[in-house]
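Student: Let me give you the structure first, and then I'll get to my questions.
The values are calculated or read from the model by the stated rules, or taken from the named source; none is laboratory data. Note that the structure is predicted; figures quoted are calculated from it, not measured. Neighbour counts run over all protein chains shown; Cβ positions are idealised from the backbone, glycine included.
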Amino acid sequence: MVTFHIITIFPKMFASYLNEGVLGRAVNKKKKIKINFYNPRDFVKNKHKKVDDSPYGGGPGMVMMAEPILKAWQKAKGKKKKVKTIILSPRGKLFTNLYGRRILDEYRHIILISGRYEGLDARIKKVTKGEEISIGQYVLSGGELPALVLIDAISRQVKGVLGDFSSVEENRISSGELYTRPREIKYKNKKYKVPEVLISGYHRKIDEWREKRQ
């Protein structure tokens, strides 16, 4: 089993996606992955559960404070072995399926730190030795969506999460051009048919056709 430990001030954001579809089955029925949440607000004692403050040196926005996140991270890490800490950041290394497979080969516990506001106090990365990872060259309001992307992409590669492991796209010949029934449809008096090769029964020719359309 692979366990994702998510550090976020908005844990409710994850509920719908993680309880439906492939991930919902993997978590609730197949027990192939596990999700734990750690809210930095639970680790502060101030009246308003404040976890952010203005940056030293001035500048716009607020910065997430180090101590609440480090306490949440320590709780997630505990005395576990094979733990990987990832900090979701638009400035990080670009996430790929290959990176996801490598993480899965080496670790059983993955801690995902989801920042907000202008970002995290830099000492969080220094203490946790976390690796900054990005899902693309754009900026989002927080790290929650990137965390979901990583969970989805990595979980698909856990054996048993998908009904058939050959369903993992990177393990088979896939095509960007797909068809299903019926064999012919009409739209504005024009007919659109499924390519003959796909109904020919010749698997080698079908694979060749798919390779050209990857």
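Student: Of all residues in the stretch 92-121, which are among the charged types (D, E, K, R) and surrounded by fewer than 16 Cβ atoms within 10 Å (Cβ to Cβ)?
Tutor: Narrowing the stretch 92-121 to residues among the charged types (D, E, K, R): 93, 101-102, 105-106, 108, 116, 118, 121.
Within the stretch 92-121, Lys93, Arg101, Arg102, Asp105, Glu106, Arg108, Glu118 qualify.
Student: Here's a check for you: in the stretch 132-148, which residue that is in contact with a Pro (Cβ under 6 Å, 6 or more places away or on another chain) and modelled with pLDDT of 95 or more is surrounded by the fewest Cβ atoms within 10 Å (Cβ to Cβ)? Show your work before the answer.
Tutor: Of the residues in the stretch 132-148, the ones in contact with a Pro (Cβ under 6 Å, 6 or more places away or on another chain) are 134-135, 139.
Retained after the next criterion (residues that are modelled with pLDDT of 95 or more): 134-135.
Working: Ser134: 17, Ile135: 20.
Taking the candidates together, the pick is Ser134.
Student: Would you point out which residue out of Ile113, Ile86 is within 14 Å of Phe43 (Cβ to Cβ) and either within 14 Å of the chain's Cα centre (by Cα) or modelled with pLDDT under 95 (or both)?
Tutor: One residue alone meets the criteria, Ile113.
Student: Please list, ordered by first then second residue, the pairs with beta carbon atoms under 8 Å, 6 or more apart or interchain, first in the stretch 174-195 and closer than 23 Å to Lys212 by Cα, second hydrophobic (A, V, I, L, M, F, W, C).
Tutor: From residues that are closer than 23 Å to Lys212 by Cα, the pairs are Ser175/Trp209; Tyr179/Val194; Tyr179/Leu198; Arg183/Val194; Arg183/Ile199; Glu184/Val194; Tyr192/Ile185; Pro195/Trp209.
Student: Further question on the same structure: Going through Ile206, Ile151 one at a time, which residue ends up being modelled with pLDDT of 95 or more and either closer than 18 Å to Thr8 by Cβ or not hydroxyl-bearing (Ser, Thr, Tyr) (or both)?
Tutor: Numbers: Ile206 fails: modelled with pLDDT of 95 or more.
Exactly one of Ile206, Ile151 is modelled with pLDDT of 95 or more and either closer than 18 Å to Thr8 by Cβ or not hydroxyl-bearing (Ser, Thr, Tyr) (or both), namely Ile151.
Student: Determine, yes or no, whether Phe4 is at negative phi, part of a strand (DSSP E or B) and more than 14 Å from the chain's Cα centre (by Cα). Please lay out each step first, then the result.
Tutor: On the way: at negative phi: yes; part of a strand (DSSP E or B): yes; more than 14 Å from the chain's Cα centre (by Cα): no.
No, not satisfied.
Student: Among all residue pairs at least 6 apart or on different chains, which show Cβ distances below 9 Å where the first residue, located in the stretch 116-131, is modelled with pLDDT of 95 or more and the second is acidic (Asp, Glu)?
Tutor: Every condition considered, the pairs that remain are Asp121/Asp53; Asp121/Glu67; Lys125/Glu131; Lys125/Glu132.
Student: Here's a check for you: in the stretch 31-52, which residue that is buried (at least 16 other Cβ atoms within 10 Å of the Cβ) and touching a residue at least 40 places away in the same chain (Cβ under 8 Å) is nearest to Pro146 (Cα to Cα)?
Tutor: The qualifying residue nearest to Pro146 (Cα to Cα) is Ile35.
Student: Hey, among the residues in the stretch 190-214 that are in contact with a Phe, Trp or Tyr (Cβ under 7 Å, 6 or more places away or on another chain) and in a helix (DSSP H, G or I), which one's nearest to Glu177 (Cα to Cα)?
Tutor: Ranking the candidates gives Leu198 first.
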